[in-house]
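Novice: Below is a structure I'd like to ask you about.
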Amino acid sequence: MATRQIIKPFPEDEDRDAFGHWLSGFTDGEGCFSLHSSLRNGKRKTKYGQKHAVFIIQLRIDDSHILDLIQSFLGCGIRDNFPQRNLSNPSAAFRVHNSHDLLNTVIPNFMKYPLRAKKRRDFEIWKKGVELIYRISQRKRRRRRYKSGGFLSRWTDDESREFATLISALRDQRKIDSYPETSKFIDEVNSTVAITNNPIETQHVLNIFE
């Protein structure tokens with residue numbers, strides 16, 4: 001498990017309002033809103049698996065200071081730097097996947113500073129997925145009654161189908177509006193390992209941008 005990162009305060013000489021508008025424009029071009037479902041919960045294969053939402057921006061390593069500033073502005077998220085591997089160039093990434101941070105920080109930010117291009121439609125679908133994940137995460141877990149022990153899933157069949165519908169809607173939206181490389185990235189995110197705090201596990205996802 002990665003250690004908790006210390007987030008630097010946002011510079012006092014920066015105009016927060018202007019930066020918020022700039023971030024929305026930057027996200028329209030460079031950001032990604034993704035929903036992902038995996039049938040595995042850690043090393044165990046389960047019926048409902050894990051549901052994830054993530055907001056991510058990846059840039060060249062020499063632009064990493066921009067991601068540091070975005071992290072400071074939002075006050076949440078994780079910063080990763082990745083060295084050159086095989087044919088990929090060194091890169092830097094900023095990502096938020098904690099559902100509390102997504103619901104209470106990322107979503108309100110883009111509601112206050114609206115996206116203007118095609119990512120706005122991505123955001124509206126993704127927002128519903130975040131709200132669903134967070135609502136279910138607050139539900140008390142019930143123990144199994146049988147010898148196998150453990151807990152029952154918080155997700156119902158209907159909720160899992162609803163989340164799968166949102167994933168499909170987001171994928172179909174990008175097939176219409178996105179550049180081919182963006183669609184390739186999203187399809188890979190939705191079929192790879194769950195995104196966690198472990199940068200080794202996320203390396204495969206992040207390298208797709210290159």
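Novice: When you go through (1) in a loop (DSSP other than H, G, I, E, B); (2) modelled with pLDDT of 50 or more; (3) surrounded by 14 or more Cβ atoms within 10 Å (Cβ to Cβ) one by one for R116, which number turns out not to apply?
Specialist: (3)
Novice: Out of the range 77-87, which residues are over 16 Å from G31 (Cα atoms) and surrounded by fewer than 19 Cβ atoms within 10 Å (Cβ to Cβ)?
Specialist: Filtering the range 77-87 down to residues over 16 Å from G31 (Cα atoms) leaves 81-87.
Once the filter is applied, which keeps residues that are over 16 Å from G31 (Cα atoms) and surrounded by fewer than 19 Cβ atoms within 10 Å (Cβ to Cβ), the range 77-87 yields N81, P83, Q84, R85, N86, L87.
Novice: State yes or no: is F26 under 25 Å from Q173 (Cβ atoms) and either modelled with pLDDT of 95 or more or in contact with a Phe, Trp or Tyr (Cβ under 9 Å, 6 or more places away or on another chain) (or both)?
Specialist: Numbers: under 25 Å from Q173 (Cβ atoms): yes; either modelled with pLDDT of 95 or more or in contact with a Phe, Trp or Tyr (Cβ under 9 Å, 6 or more places away or on another chain) (or both): yes.
Considered against the rule, which asks whether it is under 25 Å from Q173 (Cβ atoms) and either modelled with pLDDT of 95 or more or in contact with a Phe, Trp or Tyr (Cβ under 9 Å, 6 or more places away or on another chain) (or both), F26 comes out as yes.
The values are calculated or read from the model by the stated rules, or taken from the named source; none is laboratory data. Here the structure is a predicted model, which means the values were calculated and not measured. Because the Cβ atoms are built from the backbone with ideal geometry, glycine has one as well, and the counts that use them run over all protein chains shown.
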